[in-house]
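Taken together, the values in this text are just the output of simple stated rules run on the coordinates, not laboratory data. Since this is a predicted model, take the numbers as computed values, not measurements. Counting neighbours? That spans all protein chains shown, and the Cβs are built from the backbone with ideal geometry, glycine included.
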Amino acid sequence: MKTDDDKKLQSVDNADTFLTTNTGVRISDTDNSLKAGERGPTLLEDFHLREKMTHFDHERIPERVVHARGSAAHGTFRAYGNVSHLTKAGFLKEGVETPVFVRFSTVVGFRGSADTVRDVRGFATKFYTQEGNYDLVGNNMPPFFIQDAIKFPDLVHAVKPEPHNEMPQASAAHDNFWDFISLTPESMHMILWVLSDRALPRSYHNMEGFGVHTFRLINEQGESHFVKFHWKPVAGMASLVWDETQKIAGKDPDFNRKQLWESIEQGNYPEYELGIQVIEEKDEFMFDFDLLDATKLWPEELVPVQLIGKMTLDRNPDNFFAETEQVAFHPGHVVPGIDVTNDPLLQGRLFSYVDTQLLRLGGPNFQEIPINRPVAPVHNNQRDGHMRQTVNNDKQNRTNYFPNSLNNSSPRPATAAEGGYVHHQEKVEGHKIRKRSESFNDHYTQARLFYNSMTKPEQKHIMEAFVFELGKVEHLHVREAMINHVAQVDLALAVAVADSVGVDFDEAAWKASLKDAAHHVADKVTGALSDKKSVTDSPALSIDKNKKEHIKGRKVAVLLAEGFDHEAYQQVKAMLEQGNAKAETVSTKLGKVKAANGQEVEVKHTFATTASVVYDAVFVPGGEKSVQKLQQMGKALQFIEEAYQHHKPLAASGEGVGLMQECRLKGASFADSGLKSDKGVVTLRGTDWSDFTEAYRKAIGQHRHWDRPIEGVPA
Ligand code: HDE
């Protein structure tokens, strides 16, 4: 098996290397161009200047038309080995370890846009298997906006910045997008996801992934099963809140990228279990949705997810451009044991991805770029083209065609038994027709299922997101059209949103019109679907209902100044470290700061360089002088208040409790003596450290505390 080092042309400039040109000539001076006299003109013969400048002039390649902003990591996938009856894929056999490269991305923004925008996240995995590369090019949401690939250019044009003024950046909150959506009801299910907390992941560690389409698993006997792929984050799911994401976008636009990078450097590796949902071919038509319709998911309560392996990302890329930027994914990169279906969205993707690589990477040899090269050997008669890297030994064997007698017809096709890829022999017949199946026509049932499966706070977030997005739409008729779609999902939601976005929505008239239509709909839908399997609640869709209460990877700001209580600091720090979380000191200035007992700690950040939005929780230790100093700092109070508004856990001890009492924390209550833990605010007057740290650990494990009476955090 090739190693990563084999795949690199040259990479390490160790501490003792000479600077050279690209032809390997050592350079004596790279700071002064070659001139005719010290103050004279620069000479054309300066090959070093010209080479350096020309290379620089050509440094950019076209960014991805979608998913331009991405961050990636290397890792390993290890199969549990429990699916051999379903698939012959070698990398899914028991204990097999396969190197992987995963690229996470936002979809809409340009390459330099902020990480925390409201958007779908890409979750693309390249498995370098012994049978060739397999790409699972998925998203962090299971449905998609559209059913047929032919609408993709329209969708992307509509959501990208508007063509006349290239605004807004990395946001769907504008007229063109909502105009298109209001005329594309098939997108409603996905819209509910995009307006939910799923679009604001706390980190890539805390995100699910989905293959979206229905694929096929093929076993040794050639039998096919329909399959949906899932990635389940071992760290559980967690999201940010909207107000917070907008502030982070300014204060730390690399928030998710940095978190991924730093946690891998620190050994806190993101882990995901690969899951599958399987439907037998004979059951293809048993559900109240069409398996080929990518705007639908398979509720886990109907079709359970079986876990089949685990992926650990444990190595950051060595070079962003060579790896993260040049990696070329393609849903058509499949291996024996995995096949595609007739999903018309997937079928279009099978064309699009190679086409786009030809433009981005400049020619047909992009598979030879180290990050794209398979570990499985490559033998074929393809030759030449831009930037060819492989030197075929054609001197020894001159045949570059098949069949041939001069080299015993080698390389030759492999049979299925020899590992050749054999397409599943699905029977197909039909008229040539531009039409969609009627079974793709139900656009609201799963949107409703998603909304109804959310907790109250999650539903509120969706409502607020609609108010924000539609509130930015200038054309009244577009807002009106959208409210009519929302009403089909949930009437109360439509009424609440309409009221805030200036739409006059007549609830009574709407209900009456529904009654009229009811017989008609009932005939059509019940008749066709009454015998189909369906659910009306799917708890698996809610982040809130599936919280994993641990503190691993969480980052806690400790606000302190000269004279702080060292014991309190130590106690909380030890608790955090034990749970693999991190305490970060924030003070008025950088350098060392002395505790009341004379001990010193290093200050990592000041109120000028950081903000509460980049932390998961806040702690204020006691110490009279320290708290007095913080009290004088308006920013310290603001730090605490903002964290409270974003529903984050807070803790204080000793005099620190007094500081919290001074903040505007509506609905919070504090310890008068001893310990109090209420709505994620943990306070201690006294020294009962073990109860205190345990209560705080629990509060951090909850991540967000929605029971605070907070209304309308400004969006
Ligand atoms: Fe993509 N998509 N897509 N997409 N997609 C691209 O390929 C396309 C779709 C997804 O980190 C492009 O190399 C079409 C669904 C990810 O490098 C392009 C359609 C899903 C990534 C393209 C879709 C995805 C891409 C842009 C409708 C979830 C980033 C640059 C038929 C299952 C991969 C590139 C990376 C990237 C086309 C819909 C996921 C243009 C035509 C559905 C994660 O080829």
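Given a cut-off of 29 Å, what percent of all Cα-Cα pairs of segment 549-702 lie beyond it?
Working: 557 of 11781 pairs.
When all Cα pairs of segment 549-702 are counted, 5 percent exceed 29 Å.
With label points built 7 Å along Cα→Cβ from the Cα atoms of Lys552 and Ser28, find their separation and express it in nm.
Using points 7 Å along Cα→Cβ, the separation is 5.8 nm.
If you keep only loop residues by DSSP, which GluC sites (Glu not before Pro) in segment 433-501 have at most 13 other Cβ atoms within 10 Å of their Cβ? Write down the numbers at each step before the final one.
On the way: sites: Glu438, Glu458, Glu464, Glu469, Glu474, Glu480; in loops: Glu474.
Sites meeting the loop and neighbour criteria: Glu474.
Holding the Cα-Cα limit at 21 Å, pick out from Lys472/Lys547; Lys126/Lys427; Lys547/Lys679; Lys232/Lys679; Lys247/Lys648 the pairs that are longer than that.
Working: Lys472/Lys547 32 Å; Lys126/Lys427 30 Å; Lys547/Lys679 17 Å; Lys232/Lys679 29 Å; Lys247/Lys648 15 Å.
From Lys472/Lys547; Lys126/Lys427; Lys547/Lys679; Lys232/Lys679; Lys247/Lys648, over 21 Å: Lys472/Lys547; Lys126/Lys427; Lys232/Lys679.
Within segment 315-413, list the chymotrypsin sites (Phe, Trp or Tyr not before Pro) lying in a DSSP loop whose Cβ has at most 13 other Cβ atoms in a 10 Å radius.
Tyr401
What does the charge add up to near Ile276, with Lys and Arg as +1, Asp and Glu as -1, over the other residues with Cβ less than 12 Å from its Cβ? Before the final figure, lay out the partial values.
Numbers: positive: Arg216, Lys228, Lys232; negative: Glu273, Glu300.
Charge balance near Ile276 sits at +1.
Segment 546-641: which trypsin sites (Lys or Arg not before Pro) are DSSP loop and have at most 14 other beta-carbon atoms within 10 angstrom?
Numbers: sites: Lys547, Lys548, Lys552, Arg554, Lys555, Lys573, Lys582, Lys589, Lys592, Lys594, Lys604, Lys625, Lys629, Lys635; in loops: Lys547, Lys548, Lys552, Arg554, Lys589, Lys604.
Those that pass, being in a loop and sparsely packed, are Lys548, Lys589.
Quick check: convex hull of the Cα atoms in segment 288-374, volume per residue, rounded to a whole Å³?
Numbers: hull volume 13.5 nm³, N = 87.
Here the figure is 156 Å³ per residue.
Using a cut-off of 15 Å between beta-carbons, work out the net charge of the residues near Thr610 (Lys and Arg +1, Asp and Glu -1, Thr610 not included).
That works out to +1.
Which three extents, in angstrom, do the Cα atoms of the chain have along their principal axes, listed largest first?
Projected onto its principal axes, the Cα set of the chain covers 92, 89, 56 Å.
Taking the Kirkwood radius as the inverse of the mean 1/r across Cα pairs, report the Rg/Rh of segment 62-166.
Working: Rg = 17.1 Å, Rh = 16.0 Å.
Ratio value, two decimals: 1.07.
Report the charge-dipole magnitude of segment 549-702 in Debye, nearest 20, computed about the Cα centre from +1 at each Lys and Arg Cβ and -1 at each Asp and Glu Cβ. Show your work: numbers first, answer last.
Working: 20 positive and 19 negative charges, 91 e Å.
Dipole of segment 549-702, to the nearest 20 debye: 440 debye.
Please compute the length gained on full extension between Asp678 and Asn342, using 0.36 nm multiplied by the number of residues separating them and subtracting their Cα-Cα distance.
Working: separation 336, 0.36 × 336 = 120.96 nm, distance 5.33 nm.
Stretched out fully, the Asp678 to Asn342 stretch lengthens by 115.6 nm.
Treat segment 17-124 as a sphere of radius equal to its Kirkwood radius over Cα pairs and apply Stokes-Einstein at 4 °C in a medium of 1.567 mPa s; give the translational diffusion coefficient in µm²/s, rounded to a whole number.
Values: Rh = 19.2 Å.
Answer, rounded: 67 µm²/s.
Work from the charge dipole of segment 589-649 (Cβ charges, +1 for Lys and Arg, -1 for Asp and Glu, about the Cα centre) and give the residue of Gly591, Gln628, His646 farthest towards its positive end.
Going by the charge dipole, the pick is Gly591.
At R0 = 41 Å, how high is the FRET efficiency between Gln632 and Glu265 if r is their beta carbon distance? Nearest 0.05 is fine. Present the calculation step by step, with values, prior to reporting the outcome.
Working: r = 36 Å, r/R0 = 0.88.
Efficiency computed from Cβ-Cβ geometry: 0.70.
Using label points projected 7 Å from each Cα along Cα→Cβ, tell me how many nm separate Gln396 and Thr415, to one decimal.
Reported label-point gap for Gln396 and Thr415 is 2.8 nm.
Please give the net charge around Asn32, taking every other residue with its beta carbon less than 11 angstrom from that of Asn32, where Lys and Arg add +1 and Asp and Glu add -1.
On the way: positive: Lys35; negative: Asp29, Asp31, Glu38, Asp46.
With Lys, Arg at +1 and Asp, Glu at -1, the neighbours total -3.
Fewest first, what order do His157, His443 take by the number of other Cβ atoms within 10 Å? Provide the component values of the computation, followed by the final result.
Values: His157 13, His443 20.
The fewest-first ordering by Cβ neighbours comes to His157, His443.
Give the average over all directions of the projected area of the C-alpha convex hull of segment 337-423, one decimal, in nm². Walk me through the numbers before you get to the answer.
Details: hull surface 30.6 nm².
With the hull built on Cα positions only, its mean projection is 7.6 nm².
Using the Cα centre of the chain as the reference point, and only Cβ charges (+1 on K/R, -1 on D/E), how large is the resulting charge dipole? Debye, rounded to the nearest 20. Provide the component values of the computation, followed by the final result.
On the way: 82 positive and 99 negative charges, 169 e Å.
Charge dipole of the chain: 820 debye, to the nearest 20.
Say R0 is 25 Å: what FRET efficiency, to the nearest 0.05, do His157 and Leu358 get from their beta-carbon distance?
Working: r = 21 Å, r/R0 = 0.84.
Calculated transfer efficiency: 0.75.
So how far, in whole Å, is the C-alpha centre of segment 336-396 from the one of segment 200-221?
23 Å
To the nearest Å, what is the center-to-center distance of segment 44-103 and segment 557-631, using C-alpha atoms only?
Centre-to-centre distance over Cα atoms comes out at 40 Å.
I want to make sure I understand the PRE zone here: with the label point 7 angstrom from the Cα of Gln389 toward its beta carbon, which residues in segment 298-328 have backbone N atoms less than 17 Å away?
Inside the label zone: 317-328.
For every helix of n ≥ 4 consecutive DSSP H residues, a contribution of -39,500 (n - 2.57) applies; sum these over the chain, divide by its total residues, and give [θ] at 222 nm rounded to the nearest 500 deg cm²/dmol. Write down the numbers at each step before the final one.
Details: 18 runs with 203 residues, N = 715.
Per the formula, -8500 deg cm²/dmol.
Could you pull out every one of the lysines with an alpha carbon less than 22 Å from that of Lys515, ignoring same-chain neighbours closer than 8 positions?
Lys524
Can you compute the FRET efficiency between Leu43 and Asn407 using 1/(1 + (r/R0)^6), with r the Cβ-Cβ distance and R0 = 60 Å? Round to the nearest 0.05. Don't skip to the end; give the middle numbers.
On the way: r = 52 Å, r/R0 = 0.87.
Result of the calculation: an efficiency of 0.70.
Regarding segment 221-364, what whole-number volume in Å³ per residue does the convex hull of its Cα atoms give?
On the way: hull volume 27.3 nm³, N = 144.
Output value, Cα hull per residue: 189 Å³.
Once Rh for segment 187-257 is found with the Kirkwood sum over Cα pairs, what is the Stokes-Einstein diffusion coefficient at 4 °C and 1.567 mPa s, in µm²/s? Please report the intermediate quantities before stating the final value.
Working: Rh = 14.7 Å.
The Stokes-Einstein estimate is 88 µm²/s.
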